[in-house]
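Below is one structure, written out as structure tokens; comments come after it.
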Amino acid sequence: MRIIKDNPARLAIVHRPRILPAFFLGCALVLGVSLLVWFGELRLHKQIGIMSGIFLCALASALTATQSECRFDALSGQVSWIHRGVLSRSSGELPLQAIEGVRVETDRDAEGQSCRVVLATRHGRVPLTWHYSTIEPHMDIARAICRWLRLHGIEVPDP
């Protein structure tokens with residue numbers, strides 16, 4: 001997640017995941033090449049197993065490749081977002097005045113702690129990304145959003 005535009009008129013934030021989708025796609029390619037190389041030597045159940053692995057790796061690549069974009073526009077007084085993936089797409093828009101806060105939401109699982117930035121509005125939570133991550137500058141992004149909103153007269157608490 002990174003800020004691509006930060007000026008008084010507009011704040012634009014994008015998230016284009018590359019590591020996980022590339023990893024899963026690489027796994028699918030390795031499995032595909034190995035299937036081609038050893039196809040004649042493998043029994044049917046092993047061929048089916050490798051083909052299933054290729055499908056699952058390709059699916060995992062598609063599911064982790066969801067791109068997100070969020071734009072805060074002072075001229076229109078709106079915040080808009082779009083999440084684009086291979087298998088899904090969603091978008092929305094709210095008035096800037098509907099934003100009550102910006103938070104860093106945490107998800108703790110067996111592997112540790114992951115986070116994502118969420119807008120708190122009177123209509124509910126609006127996550128800026130679909131998934132949680134451990135490597136993004138979440139707090140820096142949340143603070144930048146708060147600064148931009150305050151510049152436009154919208155008082156939000158610190159994240």
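Just so it is clear, none of the values below were taken in a lab; they were calculated from the coordinates. None of the values given here were measured: they were computed from a predicted structure. No Cβ is skipped: glycine too gets one built from the backbone with ideal geometry, and neighbour counts run over all protein chains shown.
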**Asked** Could you work out the helix-only [θ] at 222 nm for the chain, with each DSSP H run of four or more residues adding -39,500 (n - 2.57) and the total divided by the number of residues, to the nearest 500 deg cm²/dmol?
**Response** -11500 deg cm²/dmol
**Complete:** Scoring only Lys, Arg, Asp and Glu (+1, +1, -1, -1) among other residues with Cβ under 11 Å from the Cβ of residue 147 yields -1
**Request:** List the residues whose amide H sits under 5 Å from the amide H of residue 102, counting only those 5 or more places along or on another chain, with H placed 1.01 Å from N in the peptide plane.
**Result:** 120
**Message:** If you take every residue apart from residue 105 with its C-beta less than 10 Å away from the C-beta of residue 105, what net charge results, scoring Lys and Arg +1 and Asp and Glu -1?
**Reply:** +2
**Request:** Jot down the per residue volume, in cubic angstrom and as a whole number, of the convex hull over the alpha-carbon atoms of region 71-159.
**Result:** 107 Å³
**Prompt:** Mind listing the phi-derived Karplus ³J(HN,Hα) values for region 122-131, rounded to whole Hz, using 6.51, -1.76 and 1.60 with θ = phi - 60°, and x for any glycine or proline?
**Reply:** 6, 9, x, 7, 10, x, 7, 9, 6, 10
**Request:** If a cysteine in the chain has no other Cys Cβ under 4.7 Å from its own Cβ, put it on the list, ordered by number.
**Result:** 70, 115, 146
**Complete:** Those helices of the chain passing the 27 Å axial Cα length cut-off and the mean Kyte-Doolittle cut-off of 1.6 (DSSP H runs only) are 19-38
**Message:** Need one number: convex hull volume per residue for region 1-52, Cα atoms only, in Å³.
**Reply:** 69 Å³
**Charge dipole magnitude, Cβ of K and R +1, D and E -1 - the chain, Cα centre, debye nearest 20** = 260 debye
**Asked** For the chain, what are the per-bin percents of Cα-Cα distances with bins 5 Å wide, up to the bin holding the maximum?
**Response** 2, 9, 15, 17, 15, 11, 8, 7, 5, 4, 3, 2, 1, 0
